[in-house]
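Chemist: Attaching a single structure in structure tokens format; questions to follow.
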Amino acid sequence: MSDPMTQSPGLPLDPTPTDRSNQPELGTHPRQRAWVEVSGPAITANVRALRRSMDPGCQLMAVVKADGYGHGAVPVARAAAAGGASCFGVATLGEGLELRQAGFQEPVLVLGNLIQPEELRNCLQAQLMPTVSTMREALLCQNLASGSGRPMAVHLKVDTGMTRLGADWQEGPRLAQAISNLDSIQLAGIYSHLAHADAPINQTLDQQDHQDEDLSRLQLQRYQSVLAEVQNQGLAVGCRHLANSAGTLRSPSLHFDLVRVGLALYGHRPAAHLGNGIALRPAMRVRARVSLLRDVPAGVGVSYGHRFITQRPSRLAVVGIGYADGVPRLLSGQLKVLHRGRLLPQVGAITMDQMVIDVTDAPDLELGATVTLLGSENDIEPGISPETWSDACGTIPWEILCGFKHRLPRLGTDS
Ligand SMILES: *Cc1c(COP(=O)(O)O)cnc(C)c1O
């Protein structure tokens, strides 16, 4: 590995350069402080691996909401399309528009609810498909589209047990009928969302497990009954979809015509028992640089509240990443970072922009060295997973990933 300092422009040594056009702007070099590396090839490979496990006729929707789960929506969409994703899922109008502005022509489904006429008008204009849960939204779409000369494609969502977005499943067939009667709307799909597809599959004696397994089965039955009734009414159902990552990995019986894959796209399994036969590669690596080294005696309190007291003469490294960058403060004192294959403990409270690492056992670590907080150092070893973090602070890997927002530069990598 090359010396990390030589990759950084740092401060210009010559204060009077005449032509600075080839120099990065002072202070904005992406590898100066902390950054996220995103592997497009990993995302492409994950889509390919998932598709190999699916029926060839089943489509894969890459869910790139929340800025591609913190990886960057546009590069993720590009990499996913290269692997065979045929459409995209976003949560908001703005996220859909971002894909259109980047030039993507694939179908885009807005998974959240749009209730303002203005939002739906933008949807129509950009040819994004809204999710419709009520007749009110369907009529808004009808009114907007009837003047426009082109029908508006929508997906009807039915709630089969998640109790969030969607029409009650028993209302589904009636709504589908009513929507089909609107001449400016095309019912492009009917979908639902699973509430607990990551539940254990093996039947055990645990009561909760039985209930969870039953919940997915019940949701599947309800969804199938909606589809059957709609078909009995002589209507075209369009695209049928039910599965998120967990449903996709759980059983082909949940796949229907399309699967909506988020977490697995980024290389993570929604539960330890799912997707073991599929090689998924984590796409994100989070790195930061050591900005100060200090030698301190035993008995010194570190960071806010002195939650850590050195037990021995220690060498401490300040690293320029903190909770404002997406590292949960709840991980204070539990985090470990990688440096040349060694795990080094973070000590004391994680602060907004920095944290302190105990590097007493890593005497070779130098000022400016890069440490890896998430992911691997070399693509070979497994590295540190978001599950390690989420288990330690009582959340889920989804929240860890999408916690990395724009404050950290994101750099695409070719491997
Ligand atoms: C976010 C989302 C998904 C993707 O979920 P993962 O568990 O990350 O695969 C699928 N469907 C809907 C409706 C969603 O909101």
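Read the figures in this text as sums done on the coordinates, not as results from a lab. For clarity, every value in this text was computed on a predicted model and none was experimentally measured. Every residue, glycine among them, receives a Cβ derived from its backbone with ideal geometry; neighbour counts consider all protein chains shown.
Chemist: Roughly how big is the chain's charge dipole about its Cα centre, with Cβ charges of +1 (Lys, Arg) and -1 (Asp, Glu), in debye to the nearest 20?
Modeler: For this selection, approximately 280 debye.
Chemist: Taking only Cα atoms and a 10 Å spring cutoff, compute GNM fluctuations for the chain and point out the largest among Asp257, Asp183, Asp325.
Modeler: Most flexible of the set in this elastic network: Asp183.
Chemist: Select from the stretch 338-415 those trypsin sites (Lys or Arg not before Pro) which occupy a DSSP coil region and have at most 16 other Cβ atoms within 10 Å, ordered by residue number.
Modeler: Arg340, Lys405, Arg407
Chemist: Taking every alpha carbon pair in the chain, what does the distance histogram look like in 20 angstrom bins from 0, in percent?
Modeler: Pair shares across the bins are 24, 48, 24, 4.
Chemist: Normalised by the number of residues in the chain, what is the relative contact order in percent for Cα pairs under 8 Å and 6+ residues apart?
Modeler: Value for the chain: 17 percent.
Chemist: To the nearest 20 debye, what charge dipole does the stretch 284-384 have about its Cα centre, counting +1 at the Cβ of each Lys and Arg and -1 at the Cβ of each Asp and Glu?
Modeler: Dipole about the Cα centre, nearest 20: 220 debye.
Chemist: Another question, then. Apply the Karplus curve 6.51 cos²θ - 1.76 cosθ + 1.60, θ = phi - 60°, to the phi angles in the stretch 361-375 and return the couplings in whole Hz, x for Gly and Pro.
Modeler: Working through the residues one at a time gives 8, 10, x, 7, 6, 10, 4, x, 4, 9, 10, 10, 8, 9, x Hz.
Chemist: Give the distance, in whole Å, between the Cα centre of the stretch 93-156 and the Cα centre of the stretch 27-67.
Modeler: If you average the Cα positions of each part, the centres end up 25 Å apart.
Chemist: For the stretch 105-115, in order, what is each residue's ³J(HN,Hα) by Karplus, 6.51 cos²θ - 1.76 cosθ + 1.60 with θ = phi - 60°, in whole Hz (x at glycine and Pro)?
Modeler: These are the phi-based 3J(HN,Hα) values: 9, 5, x, 10, 9, 8, 7, x, 9, 9, 10 Hz.
Chemist: Amide H of Gly262: which non-local residues (sequence gap of 5 or more, or other chain) have their own amide H closer than 5 Å, using H built in the peptide plane?
Modeler: Placed amide hydrogens put Val63, Ser245 under 5 Å from Gly262.
Chemist: Further question on the same structure: Based on alpha-carbon centroids, what's the gap between the stretch 293-315 and the stretch 398-415 in Å, whole number please?
Modeler: 31
Chemist: From the Cα gyration tensor of the stretch 284-384, with a ≥ b ≥ c the square roots of its eigenvalues, which class applies: rounded if a/c is under 1.5, or else prolate if a/b is larger than b/c, or else oblate?
Modeler: Oblate is the answer for the stretch 284-384, as a/c is 1.5 or above yet b/c matches or exceeds a/b.
Chemist: Nearest 5 is fine: what % of DSSP beta bridges in the chain come out antiparallel, could you say?
Modeler: Restricted to the chain, the bridges split so that about 50 percent are antiparallel.
Chemist: For the stretch 185-201, in order, what is each residue's ³J(HN,Hα) by Karplus, 6.51 cos²θ - 1.76 cosθ + 1.60 with θ = phi - 60°, in whole Hz (x at glycine and Pro)?
Modeler: Ordered by residue, 3J(HN,Hα) equals 10, 10, 6, 8, x, 10, 9, 9, 9, 7, 8, 8, 6, 8, 5, x, 8 Hz.
Chemist: Let me ask something else. Of Arg250, Arg174, Arg78, which is the most mobile in a GNM of the chain whose springs link Cα atoms less than 10 angstrom apart?
Modeler: Per the Cα network of the chain with a 10 Å cutoff, Arg174 tops the list.
Chemist: For a quick check, take a GNM of the chain with Cα springs below 10 Å and name the residue from His155, His306, His273 with the largest mean-square fluctuation.
Modeler: His306
Chemist: How much mean residue ellipticity at 222 nm does the chain get from its helices, if each DSSP H run of length 4 or more adds -39500 (n - 2.57) and you divide by all residues, to the nearest 500 deg cm²/dmol?
Modeler: -8500 deg cm²/dmol, from helical runs alone.
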